[in-house]
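Participant: One structure, as structure tokens, below. Some questions next.
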Amino acid sequence: MPNYRRMRILVVGSGGREHALCWKLAQEAEVICAPGNAGIAEVADTVNIPTNNFHSLLNLIKEREVDLVVVGPEDPLVTGLADAIREAGVLCFGPGQAAAQLEGSKAFCKAMMQRAGVPTADYRVFIDADAAKSYASTKYAEGTKLAIKASGNALGKGVIVAESLQEAEEGIDTLKALGEAGKTLVLEEKLEGKEFSLLTITNGLDIFSLPVAQDYKRIFDGDQGPNTGGMGTFSPVEWVTPEIVAQTERETVLPILKTLREDGIEYRGVLFSGLMQTSSGPKCLEYNVRFGDPETQSVLSRLGRGFADALRACAAGEPIPEIELYEHAAVTVVAASAGYPGEYEKGKLIAIEPTEESVHIFHAGTKLNNGQLESNGGRVLAVTATAPTQQEARTKAYEALKQIHFDGMQARSDIGA
Ligand code: AMP
Ligand code: GLY
């Protein structure tokens, strides 16, 4: 990179996670985002190229002399965007297609976990629905409950935790009906415990874990209703001790990176481990190959200087420099469209009152229509507040949420409670 100008970063994506990434990176670099959204346009130069148009993205990278690309969502990673960028000689923060299968295929992910000796739920893989049902009937007869998972990407709708054999059988049919995503099913033992998310940035060998976050996956208060992409998060998570983090790094993060290296794959990006703290320690439910949404909004709000340099170093395969961490707490509450995670309407007018400096309104699904802000997705906004304690951050986030209005807006009222 020429030393007479700031680092120029392209962020790929258009959600709340990408808004948080652009906001944070813009403190240390010049940021371009494709395609972005209305909120991102306030902190970055947005260019309307969809994330699956690799050709146009590569042209943009060349024309704008981009130094580093940070890929937000999993889809372009699973289809090889990071490989294409590296082949063009540009640094990319995000794993290549081979490693991205950790998220793209749950069957592959479980097989890799098993090879690496990562603690995870026992499982079996099925293509045939009847064979899956017969296995489920044996398990429920033994008193073991199952989580039924579509192996492919089902946009957050691919996991059914079945309390009864009947629910398991229905779940198998539901996931099979998804088509390609449900072609292969993973049936795994249901684990009991509290969940947490660990986002670890890596150059393939060295790791640096960002502060732990806790996500709220269900749509309604009290963890009721269907799963969503995530309705809120907070960080830090007091009950996840430094010992639990160290154990997770040792048993879940490092072994999978080592197993990938044995296959000639150097993972340069963020490895998001979805974990459950069971009576026998942390077990890995899944890996994602990208930052979490809305974990990122809370986690990045707790970082000081050094984030952009750390991502660049990971992408370059260099030692990871320190990132400054703040002690304060962050709470993020998502405002979603009526009907989400099912069918929802777009194009609702959004009114936002200005808020104080320690509150950030990250845009998840918004666009400007003739200068007017409108909803443009299932999750519309993510309100992140920081304060010395979680309780104060929670109060501030909900105060700010009261200043936001759009038709049918829904949010959980128990985030961080
Ligand atoms: P996943 O996409 O695999 O993380 O699953 C989505 C959600 O389903 C997780 O966050 C858990 O709440 C739940 N889940 C997945 N696997 C299991 C399991 N083996 N036992 C209990 N709950 C699970
Ligand atoms: N919030 C969970 C995820 O990003 O997958």
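Participant: Hey, any hits in the stretch 51-59 for a residue that's open to solvent by less than 10 Å² (accessible area, probe 1.4 Å) and either in a loop (DSSP other than H, G, I, E, B) or at negative phi (or both)?
Facilitator: Yes, that holds for at least one residue.
Participant: Out of the stretch 203-232, which residues are in a strand (DSSP E or B), in contact with a Lys or Arg (Cβ under 7 Å, 6 or more places away or on another chain) and open to solvent by less than 30 Å² (accessible area, probe 1.4 Å)?
Facilitator: Passing the criteria: G225, G232.
Participant: Can you work out which of the residues in the stretch 253-289 that are within 16 Å of ligand 2 (Cβ to nearest atom) and among the polar types (S, T, N, Q) is nearest to G117 (Cα to Cα)?
Facilitator: Applying the filter and picking the extreme gives S273.
Participant: Need pairs with beta-carbon distance below 9 Å; first residue in a helix (DSSP H, G or I) and within the stretch 300-314, second open to solvent by 10 Å² or more (accessible area, probe 1.4 Å) and modelled with pLDDT under 95; sequence gap 6+ or separate chains.
Facilitator: Listed by first residue and then by second, the contacts come to R312/M1.
Participant: Separate question: Can you name the number of the only condition in (1) assigned to a strand (DSSP E or B); (2) open to solvent by 50 Å² or more (accessible area, probe 1.4 Å); (3) touching a strand residue (DSSP E or B) at 6+ places or on another chain (Cβ under 7 Å) that L373 fails?
Facilitator: (2)
Residue-by-condition table, conditions (1) more than 10 Å from ligand 1 (Cβ to nearest atom); (2) more than 27 Å from T259 (Cα to Cα):
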residue	(1), (2)
R124	yes, no
T144	yes, yes
A154	no, no
S164	yes, yes
L178	yes, yes
A181	yes, no
E188	no, no
S197	no, no
S209	yes, no
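Rundown of residues vs (1) within 25 Å of G13 (Cα to Cα); (2) at pLDDT below 95; (3) within 16 Å of ligand 1 (Cβ to nearest atom), yes/no style:
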residue: A246; (1), (2), (3): no, no, no
residue: L260; (1), (2), (3): no, no, no
residue: D263; (1), (2), (3): no, no, no
residue: Y267; (1), (2), (3): yes, no, no
residue: T278; (1), (2), (3): no, no, yes
residue: K283; (1), (2), (3): no, no, yes
residue: R290; (1), (2), (3): yes, no, yes
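The values are calculated or read from the model by the stated rules, or taken from the named source; none is laboratory data. Note that this is a predicted model, so its numbers are computed, not measured. Methodologically, a virtual Cβ is constructed for each residue, glycine included, from the backbone with ideal geometry; neighbour enumeration extends over all protein chains shown. Calculation scope for accessible area: heavy atoms of the full protein, side chains included, ligands and nucleic acids excluded. Shrake-Rupley method; radii C 1.70, N 1.55, O 1.52, S 1.80 Å.
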